[in-house]
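Everything on this sheet refers to the single structure shown next.
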Amino acid sequence: MEKTLQELAEILGGEVAGDGEILISGLSNIPMSKAGDLTFAVPPHIDEAKTCAASAVLIPLDTENFPKPAIKIQDPRAAFAKLLELFTPKIKIPVGISPKAHIGKDVKISDNVAIMPFAVVDDGAEIQSGAVIYPHVYIGQHAIIGENTIVYSSATVREFCKVGKRCVIHSSAVIGSDGFGFTTSNGVHTKVPQVGNVIIEDDVEIGAHVGIDRAAMGSTIIGHGTKIDNLVHIAHNCKIGANCLIVAQTGISGSTTVGDNVTFGGQVGTVGHITIGGNSVYAARSGISKNMPENFFGCGFPIQSHSDWLKHQAALKRVPELIEKVRRLEQIIQSLTNP
C-alpha cells in the first residue's frame, strides 16, 4: 500500500508540516525506520526522530522546528495504532465448521461462525454470530462465547462460563479453572467443590497463559473493556471493574473487588478479601495487603503512596553515609570516655 502524507493526514484528522506529497509505503519504529516509512514520536523521543531514516513522522501538535515532513496530531501514539490497522493485511478466516472439529450435543451455533480443525465445542455450549474458534480450543459444556469474540489456539473456556462480545482470548488462557479451595483436617487437604463460573463482559482482552478461576459459588467477574496481559492469575470470586489494565505476572487473590479504571503494573500481588478503589495505579511489584481508597497511586511493599515511597528510597540511599557517621561519632565518644 502507498499513500501520500496528505492522504494519511486526512484519514487521521491531522495537519501536514512539510511536503504532503511524499509517498508512505510502510510503518516502523524510530530505530528500524527507513526511507518510505512513517514513524511516530512523543517526548522524550522527539530529538531522536529528527535524525531517523523515516520519510515522515507523526508528532504532537505543539512540536516546533521539526526538520522532517510530519503530521501534527493530538495523540501520535493512538494515530499510529490506527494506521497499523490500515497498513496490516487482515487475516482471512473462512466461515464455517471444520469437519475435523468436534461439536457436542445440543450446541447452538449462530451464522458467520468459524470453528477450525480439532476445536472441541462440548454439549450445550453456545457460539454466537461472528465468533472465531481456533484449532485445539476447548469450549466446555453450557459455556457461551459472545458475538465477534476470538478464542486462539489451546485456550480453554470451561463449563458454564460466559464470554461477552468482541472479546479476545489468547493462546493457552484458561477461563474457569477451579478455584484454590481446600479444607485441612489432621494434615489432610480436602478439595472444596468450586461450583460457580466466570463471566467475562464485553470488549475484554485476555493474554496468553492467563488463569481466571471459577467462583466457589456465584461468579468471578471481569468488567467490560478490561485488558489482561500474559501470565496473570485472577483467583476465585474476584470482581474486576471496567477498563482496568492488568500487566504480566500480577496475581489477584480470591474474593478481591477491584474498582473501575485500575492499573496494576507487572508482578503486583494482593491478599484476598479486600476492596481496591477505582481510578488508581499500582506500580510494578507492589504488594497490596489492605483495603485501598479510590484515586490512589501506590508503590512498594507494604503498599504506600508513590510520594512516600520516593522519600523512603531517597532516604535509603543515605544509609551507608549515616552508618559511617555513627561509627565516627562512636569513636569520638569512646575517645572522650576513655582518654
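General remarks:
- All distinct Cα pairs of the stretch 222-276 go into the 1/r average, and the inverse of that average, the Kirkwood radius, is 10.6 Å.
- The residues of the stretch 1-89 expose on average 54 square angstrom of accessible surface per residue, using a 1.4 Å probe on protein heavy atoms.
- Heavy-atom surface analysis with a 1.4 Å probe gives the chain a carbon and sulfur content of 55 percent of its accessible area.
- Per residue convex hull volume, Cα atoms of the stretch 1-79, in Å³: 78
- Taking amide H as placed 1.01 Å from N in the peptide plane, the amide H of residue 149 sits under 5 Å from that of 131, 132, 166, 167, each at least 5 places away or on another chain.
- Relative packing of 94-102, 298-306, 148-156, which averages over residues the other C-beta atoms within 10 Å, highest first: 148-156, 298-306, 94-102
- Value in Å of the Kirkwood radius, where the stretch 157-200 supplies the Cα pairs that are averaged: 12.5
- Sequence of 308, 47, 106 when ordered by accessible area, the most exposed leading, probe 1.4 angstrom: 106, 47, 308
- For the stretch 72-125, diffusion coefficient by Stokes-Einstein and Kirkwood Rh (Cα), 4 °C, 1.567 mPa s, µm²/s: 91
- Under 17 Å from the Cα of residue 72 - aspartates and glutamates, other chains or at least 8 residues apart: 7, 10, 15, 19, 21, 37, 47, 48, 62, 64
- Cβ-defined net charge surrounding residue 279, 15 Å radius [Lys, Arg +1; Asp, Glu -1]: -2
- Excluding same-chain neighbours fewer than eight residues apart, the aspartates and glutamates reachable from residue 92 by a Cα-Cα span under 19 Å are 111, 147.
- Residues of type lysines that residue 311 reaches as a straight line, Cα spacing below 27 Å, ignoring anything fewer than 8 places off in the same chain: 290, 325
- Cα pair distances of the chain binned at 10 Å [whole percent]: 6, 19, 19, 22, 18, 9, 4, 2, 1, 0
- Cα shape, the stretch 189-325, gyration tensor, a/c 1.5 rule: prolate
- Membrane-span-like helices in the chain, defined here as complete DSSP H runs extending at least 18 Å along the helix axis by their C-alpha atoms with mean Kyte-Doolittle hydropathy no lower than -0.5, are 319-337; this is a sequence and geometry rule, not a statement about a membrane.
- Helical contribution to [θ] at 222 nm, DSSP H n ≥ 4, -39,500 (n - 2.57), averaged over the chain, rounded to 500: -5000 deg cm²/dmol
- With Cα atoms defining each centre, the stretch 115-152 and the stretch 281-320 are spaced 42 Å apart in the structure.
- Accessible-area value, residue 1, 1.4 Å probe, nucleic acids and ligands omitted, Å²: 120
- Packing-based ranking of 51-60, 113-122 yields 51-60, 113-122, ordered from highest to lowest mean Cβ neighbour count within 10 Å.
- Per residue, the accessible area of the stretch 271-313 comes to 58 Å² when a 1.4 Å probe rolls over the protein heavy atoms.
- Alpha carbon convex hull of the stretch 18-62, projected area averaged over orientations, nm²: 3.1
- Against the criterion of solvent-accessible heavy-atom surface with a 1.4 angstrom probe, 165, 3 sort, most first, into 165, 3.
- Per-pair calculated FRET efficiency, R0 = 51 Å: residue 323 and residue 61 via Cβ, rounded to 0.05: 0.50
The values are calculated or read from the model by the stated rules, or taken from the named source; none is laboratory data. These numbers were taken from a predicted model, which means no experiment stands behind them. Using ideal geometry, Cβ is built from the backbone for each residue, glycine included, and neighbour counts are taken over all protein chains shown. When the accessible area is computed, the model is the full protein with side chains, heavy atoms only, and any ligands, DNA or RNA have been set aside. Shrake-Rupley method; radii C 1.70, N 1.55, O 1.52, S 1.80 Å.
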